[in-house]
Each structure stands twice: as structure tokens, then as C-alpha cells.
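The values are calculated or read from the model by the stated rules, or taken from the named source; none is laboratory data. In this text the structure is predicted, and so the values were computed from the model without any measurement. Here the Cβ is made from the backbone with ideal geometry for all residues, glycine too, and neighbour counts use every protein chain on show.
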Amino acid sequence: MQILGAFNKFEQCVLNMALINICNSSSYVGKEMREQYNAWKHETSETVYNPWLDTHQFTIYLPHPEQEYEDMTLEEGLSKGYNVEVKPVKDQGQLPYSIPEGGHFVIVLKQSRVNSDFAIAATGVFVRSLCIISLDAIIDSDEGEYQSLVIKHPIIRNYPQDWETKLNMFLRGEIRGEELPRVVGYVDRSLNRDYRSPSWSDVYLQASDFTVF
């Protein structure tokens, strides 16, 4: 695993685990997304469609590795995706990116010390079809120094050869989401009943073997 300037090994594994849970509609995150989406559509009396067609915001929390919680271990929370919040974006004009249909806004918040507050560490776009998060990670906010990186789903070993080209074309608005390779079908249990999501310990212990970042 490549250790990036913005994130250490633990934090990269947390991001990988978050991506695993975001891609799986049957996970806690996926179910929470559906509930929020249905409540929003009920409130506005709009027709309920596939929630992935509407832009959502995913907030990923990177806890300190020694952070403790009362009701569960840190490992249990990360495995279930309890460190990820999701909500529909009701006004895309407030987003810092122009996100094409099929993309979703991502904020990463990091905790530097045990029991401390979380500070913004990165923003980016989640592309569901490709199971990818494209991030601009903050290296030095005062100097305006950022690190661009892409988080690939660690379970998917063989991405399409042209995934980078297709991703960039999508983010530039040159192609639609429907034209992207649909690798999410392998890692979403609602689409693949044989899929079993790994636990935090699986992701962390096998980090050096997974294809990530």
C-alpha cells in the first residue's frame, strides 16, 4: 500500500472500508440513504425513483485509531459503516463542484487526537458505477497545497483498462453516467447475492495485498 502525504495507513484503510459500505446498498449506509431519500421525496410529494440518480452527500469520518466508544468497538463501527453519514443534496448550487448525474459529493473529516473534534481533510466526488472516490486532499490549507488521489474499491482486482479515461471524461461532463463501466454490480449485495462484505479486520490486515489508491 502506498502511504500518501494526506493519509496514513490506518486512515487509508478507513477510507477503503467506507467505500466498501457506500457501494453496498444492503449496508447500513445504503439503507440510511434509502430512508433519507424516501423521507425527502415524501416531504416534497415527488415521485420516488432510484436514489442514486439524485446527488447525495457522503461525509466520511476518520477517527483517531485509539478512539473509544461506549456501545461498540471502533472496529465494529468501521465494519458497519457507522462513521459514514449520508443525506440528499437539495441545492446543488451550494456544492464546490459541478457534479454530473451519477456522481455524489464527498467530504472527509479527520480526528487528530482522541476525543477531539473532526476537521475537514478532503472533498471529492464518488462515482458509483466505477466504485471510485476522486478526492482533493488537503496537505496545507494555508499554502493552498492539495493532493489529488483516487480511491479504488479494494475488493475489485481488475478494473477496466480505460477506467481512468472514462472517469476523467465523466467528471468533465463529456459522457453520462450510463456510459461508464458498471463494476458496482460485483460489490453491491442488492445486485450480487453472493457478495459478502469484508470486515474492518479483513481490510486492515490485507491492506498490503489489496489494490487501492
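For segment 123-149, taking the residues that are of a type in the set (G, A, S) and closer than 20 Å to G102 by Cα, the one that is farthest from the chain's Cα centre (by Cα) is identified as S129.
In this structure, does Y97 turn out to be surrounded by fewer than 18 Cβ atoms within 10 Å (Cβ to Cβ), aromatic (F, W, Y) and modelled with pLDDT of 90 or more? Outline the logic, then answer.
Working: surrounded by fewer than 18 Cβ atoms within 10 Å (Cβ to Cβ): yes; aromatic (F, W, Y): yes; modelled with pLDDT of 90 or more: no.
Taking the combined requirement at face value, the residue does not satisfy it.
Among the residues making up segment 147-184, those that are touching a helix residue (DSSP H, G or I) at 6+ places or on another chain (Cβ under 6 Å) and among the β-branched types (V, I, T) are I151, I156, I175, V184.
Within segment 105-119, residues that are closer than 17 Å to F10 by Cα and of a type in the set (F, W, Y) reach partners that are part of a strand (DSSP E or B) and at pLDDT 95 or above with beta carbons closer than 6 Å, at six or more positions or on different chains, in the pairs F118/Y61; F118/L109; F118/Q111.
From the list P96, P100, pick out the single residue that is over 18 Å from A6 (Cα atoms) and touching a residue at least 40 places away in the same chain (Cβ under 8 Å).
On the way: P96 fails: touching a residue at least 40 places away in the same chain (Cβ under 8 Å).
That would be P100, the only listed residue that is over 18 Å from A6 (Cα atoms) and touching a residue at least 40 places away in the same chain (Cβ under 8 Å).
Take the residues in segment 46-104 that are among the aromatic types (F, W, Y) and assigned to a strand (DSSP E or B), then tell me which one is nearest to the chain's Cα centre (by Cα).
Residues of segment 46-104 among the aromatic types (F, W, Y): 49, 52, 58, 61, 69, 82, 97.
This time we only want the ones that are assigned to a strand (DSSP E or B), so: 58, 61.
Values: F58: 7, Y61: 11 Å.
The extreme case among them is F58.
Of all residues in segment 34-48, those that are exposed (fewer than 12 other Cβ atoms within 10 Å of the Cβ) have Cβ atoms under 9 Å from Cβ atoms of residues that are β-branched (V, I, T), 6 or more apart or on another chain, in H42/V48.
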